[in-house]
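Worksheet for the structure shown next.
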Amino acid sequence: MKIALFLIGYGNVAQRFVQLLDESKQYLDGQGIEPAIAGVITRRHGRAVNLPAGATHTTIADAMARDITVEPEPLEFLATTLDDPQAQKLPVRVLVETTTLDIRAGEPATSYVRAALSRGIHVITANKGPVAFAHRQLADEAGKTGASFLFEGAVMDGIPIFNLVRETMPGVTIRGFRGVVNTTTNYLLAAMERGEPFDAALGRMQAAGVAEADASLDVDGWDAAAKTAALANVWLGADLTPHLIHRNGITSETGVRARDALAGGQRLKLVASASGIGREAAGRVDLVELPLDDPLAILEEHGNALEIDTWPLGRVVITQRDGGLEKTAYALLTDLVTVAQREMAARRPPRDAAWRRAHRND
């Protein structure tokens, strides 16, 4: 199955995704999936459209370098690109949205996603914004047009938390969750426990590309609040935004509290949590002192974890020992495979009654 990919945003995650497509070619070929980059659009770093078959990162970078214009605006240009008669002839189209999180309103990412879904174009994204600010509306739009809206990379990189519940927990009710979901703050807390300075530890995370140059989204708790809203909106049927999440962050002074907690047989963690259903759902991002045997307390440096409170399965813990760009790129790949599998299933001819009777007990 040929799938045309339109990328909006071409930072580190998107670039790693393009490379991963090539590295995963043998697997994708075996699944009958033939992805091709049809276009790349950015706000400030150029664009590349009408790309030849087999376009690679080098091909894309060269094309973008030749077209560094920023007019018209990306949303207008995206709509024009998706409405192009040649693009409409492509059998399966997928928007890969990886722009930067806007903590104020989730824009313009939400508008990019809506523009694609309203045209029946599948969307995969690693951006927390659309899920944290407008999950219900976007899911409704996807339902109307039959498009997929997938966002596995929005929380915990490539660890399959949304897929796990959607695909393997039929009939389960999620009553709440708690977790350590921000790598930068977990690394900082572990470093300060050892007596390391806040600024030095943060500098290492920025140099590694985990924390942004402006790390306020991480250290002020906004990233964790956006992930909390996203999880609550999907799992609890909430209509939360990051601004409705009670939020705390960490500072250099937090190191004293972290060391005192450890001396007392506990560990200080920045814990994201939510409970309640629908309009009753509420979320928090708090500094919490946890006993040493708590599944969140055992996390070191780059570790993340989520504990989901379910009925009837009880509490389920998902742990990520290390994260990074490759894992987030992998999440985009898994969403792409899901889109392809859904398209293949939709095109498969229905089984007749005789076949169903013959295979009833297989």
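Consider a paramagnetic label point 7 Å from the Cα of ARG315 along Cα→Cβ; state which residues of segment 160-180 have an amide N under 18 Å from it.
173-180
Subtract the Cα-Cα distance of ARG66 and ASP102 from 0.36 nm times their separation in residues, and report this length gain in nm to one decimal.
The span from ARG66 to ASP102 would gain 10.2 nm if fully extended.
Given R₀ = 30 Å, FRET efficiency for ARG119-ARG44 by Cβ-Cβ distance, to 0.05?
The calculated FRET efficiency here is 0.75.
Quick one: putting +1 on the C-beta of Lys and Arg, -1 on the C-beta of Asp and Glu, what dipole do you get for the chain around its Cα centre, in Debye to the nearest 20?
That gives a dipole near 1260 debye.
Roughly how big is segment 1-158's charge dipole about its Cα centre, with Cβ charges of +1 (Lys, Arg) and -1 (Asp, Glu), in debye to the nearest 20?
In debye, rounded to 20, segment 1-158 gives about 140.
If you wrap segment 304-348's Cα atoms in a convex hull and average its projection over all directions, what's the area in nm²?
One quarter of the hull surface, i.e. the mean projection, equals 4.8 nm².
Which shape class, rounded, prolate or oblate, goes with segment 209-260 when its Cα gyration tensor gives a ≥ b ≥ c as root eigenvalues, a/c under 1.5 marks rounded, and past that a/b bigger than b/c marks prolate?
prolate
Rounding to the nearest 20 debye, state how big the charge dipole of segment 166-320 is about its Cα centre with +1 on each Lys and Arg Cβ and -1 on each Asp and Glu Cβ.
In total the dipole reaches around 380 debye.
Kirkwood hydrodynamic radius, computed over distinct alpha-carbon pairs, for segment 88-246: how many Å, to one decimal?
By the Kirkwood definition, the hydrodynamic radius is 16.8 Å.
Assuming 0.890 mPa s and 25 °C, estimate D for the chain with Stokes-Einstein, Rh taken as the Kirkwood radius over Cα pairs, in µm²/s.
114
Between GLU212 and MET169, 0.36 nm times their residue separation minus their Cα-Cα distance comes to what?
Residue separation times 0.36 nm, minus the Cα-Cα distance, leaves 12.0 nm.
Listed here are the pairs LYS227/LYS327; LYS89/LYS128; LYS89/LYS327; which of them are more than 28 Å apart at the Cα?
With Cα atoms farther than 28 Å apart: LYS89/LYS128; LYS89/LYS327.
Bins of 10 Å, beginning at zero and ending with the bin holding the largest distance: percent of Cα pairs per bin for segment 222-362, please.
For segment 222-362, the binned pair fractions read 10, 26, 30, 17, 10, 5, 2, 0 percent.
Using 0.36 nm times the number of residues separating ASP22 and GLN86, minus their current alpha carbon distance, what extension gain do you get?
Length difference between fully extended and current span is 20.6 nm.
Which loop trypsin sites (Lys or Arg not before Pro) in segment 179-284, with loop taken from DSSP, have no more than 16 other Cβ atoms within 10 angstrom of their Cβ?
ARG194
Report the one residue of TYR330, GLY143, SER252 whose Cα lies farthest in the direction of the positive end of the charge dipole of the chain (charges on C-beta: Lys and Arg +1, Asp and Glu -1; origin at the Cα centre).
GLY143
Read the figures in this text as sums done on the coordinates, not as results from a lab. Just so we're clear, the structure is a prediction, and the values are computed from it rather than from any experiment. When we count neighbours, we look across all protein chains shown, and the Cβ atoms used for this are built from the backbone with ideal geometry, even at glycine.
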